[in-house]
Amino acid sequence: MDDISVLIPWLALNRIPELGPVSQRMLLEKAGGMQSLFSLSPAVLHTLLAHEQATLWLDYREGRSDSALRQHAMRDLEKSLEAGAVIVHAEDQDYPALLAQTHSAPTLLYVRGEVGNLHLPQLALVGSRNASAGGLDLAKEFSMALAMHGLAITSGLALGIDGAAHRGAIHAGGKTIAVIATGIDETYPRRHTKLADDIIASGGTVITEFAPQSPPAAQNFPRRNRIISGLSLGTLVIEAGLQSGSLITARYANEQGREVFALPGSVRSVFHRGCHALIRQGAKLVETTQDIVDELAGLLAFKQRECEVINTLGNKTASLSEEAVRLFRLIDHAPVTLDALINRCQLPVDVIAAALMDLEMEGVVVQQHGFYTRL
């Protein structure tokens, strides 16, 4: 998490009209990062943005007091602080690495509760809002058991299966993460206000990409679903009709290269037709939590090792620890060149070189023939 002066530009960027997460990331990539976005000439900026968008950014960048983006950014910051939230941006070491790997990852996250939970190995557990009593029981049971296996349970704070999933994790003394489709200062549905508070009180996390005071608009829910799956190693669907929003989450998980699990049910039940459709499409049929744990065993070990290393790096007092952590999250077991890391990390070459040396000395990254890999 950065100080307020660093956050304002990100809040302003997020308020440029008709510039969604994918376009924001493309702009940052072409510019060479947020800092470089302040030094681009107006002529270059107009080649990267529509005329109105570029004009708004230039007004903000020049410090004009009547800048619409500055006013929006200051208001979003004020409302976030009032809600007790912190803000994590795409270049922040606290930004979750798995989510960052997805195509349409948001450039900003508003977070209440424990930010560190975003780096835990997570399983998304979703399903019908109008779940049966049996489905609710299963969701709670699976959530409890998976939480006790060390998985954080991620869901959407909706009625039905989502709520049961969150409660199961809390009951087991585990961690749960609620991804919401409103501003961080809103709770939807209203009847889950206490559940959201319970999640925070139990050491969990509530997050959103939407600016404060954003209402629960219909188009926000599919966007929320891509974050649920994007944070998670896999998605488990328990009870879903053929039109269920849970199938959208499963589709995103599949597109993001994550595992999809589905709990089967009676062929006569409309509550299970969505799950059966997923199984026909290749989702893994689940009968017990062990089916999931066995499938994710390798990924779980990998993520747990990553968390241990990140904690170690985060506890260092050296000035390069933040850069080292950011780089570590961008390096996996597939060899990557220094040029590729410069592209991904958008830091000066000398800073990256020093951070890489730091990681090598920690024994978590190795360099061979010009390629860097995790150990």
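Computed from the coordinates by the stated procedures, all read-outs in this text should not be read as laboratory data. Values in this document were obtained by computation on a predicted structure and should not be read as measured data. Note that we place each Cβ from the backbone using ideal geometry, even for glycine, and neighbour counts take in every protein chain shown.
Excluding the site residues themselves, the longest part of the chain lacking any GluC sites (Glu not before Pro) in a DSSP loop with at most 13 other Cβ atoms within 10 Å is 63-286.
Compare A340, A73, A97 in a GNM of the chain, Cα atoms joined below 10 Å, and give the one with the largest fluctuation. It is A340. Here Q243 and D137 are evaluated by their C-beta separation; at R0 = 35 Å the FRET efficiency comes out at 0.90.
The sum of -39500 (n - 2.57) across all DSSP H runs of n ≥ 4, divided by the residue count of the chain, sets its helix-only mean residue ellipticity at 222 nm to -15000 deg cm²/dmol. Post the alpha-carbon centroid distance, region 134-189 to region 214-264, in whole angstrom. Using only Cα atoms to place each centre, the spacing works out to 14 Å.
By the gyration tensor of its Cα atoms, with a ≥ b ≥ c the square roots of the eigenvalues, what is the shape of region 104-223: rounded for a/c under 1.5, prolate for a/b over b/c, or oblate? Write down the numbers at each step before the final one.
Details: a/c = 1.74, a/b = 1.28, b/c = 1.36.
Oblate.
Computed from Cα positions, the angle between helix 4-13 and the longest principal axis of the chain comes to roughly 80 degrees.
Of the cross-linked pairs K30/K284; K194/K284; K175/K284, which ones have a Cα-Cα span greater than 30 Å in the structure shown? Check vs 30 Å cut-off fails for K30/K284; K194/K284. Here the chain is assigned +1 on the Cβ of each Lys and Arg and -1 on the Cβ of each Asp and Glu. Its dipole about the Cα centre then comes out at about 1140 debye.
Applying 1/(1 + (r/R0)^6) with R0 = 45 Å to the Cβ-Cβ distance of M357 and S39 gives a FRET efficiency near 0.95.
What does the charge count near L138 come to, summing +1 for each Lys or Arg and -1 for each Asp or Glu among other residues with Cβ under 15 Å from its Cβ? Charge balance near L138 sits at -4.
Once the Cα-Cα distance is subtracted from the 0.36 nm per residue extended length, the A218 to E52 segment shows a gain of 57.1 nm. Each label was represented as a point 7 Å from its Cα along the Cα-to-Cβ direction; for D66 and H103 these points are 4.2 nm apart.
Of the beta bridges in the chain, as assigned by DSSP with both residues counted there, near 40 percent are antiparallel. The tail of the calculated P(r) for the chain beyond 39 Å holds 18 percent of all Cα-Cα pairs. Mean-square fluctuations from a GNM of the chain, with a 10 angstrom spring cutoff on Cα atoms, peak among L27, L118, L136 at L27. Here's the picture: charge each Lys and Arg Cβ at +1 and each Asp and Glu Cβ at -1 in the chain, and of L69, H89, C275 the one pushed furthest to the positive end of that dipole is C275. FRET efficiency for the S23 to R268 pair, using the beta carbon distance and R₀ = 45 Å, is estimated at 0.45. Cβ crowding within 10 Å, taken as a proxy for footprinting-reagent exposure, orders D197, D294 from fewest neighbours to most as D294, D197. Between region 33-103 and region 11-32, the alpha-carbon centres lie 7 Å apart. Once the convex hull of all Cα atoms in region 1-83 is built, its volume per residue stands at 101 Å³.
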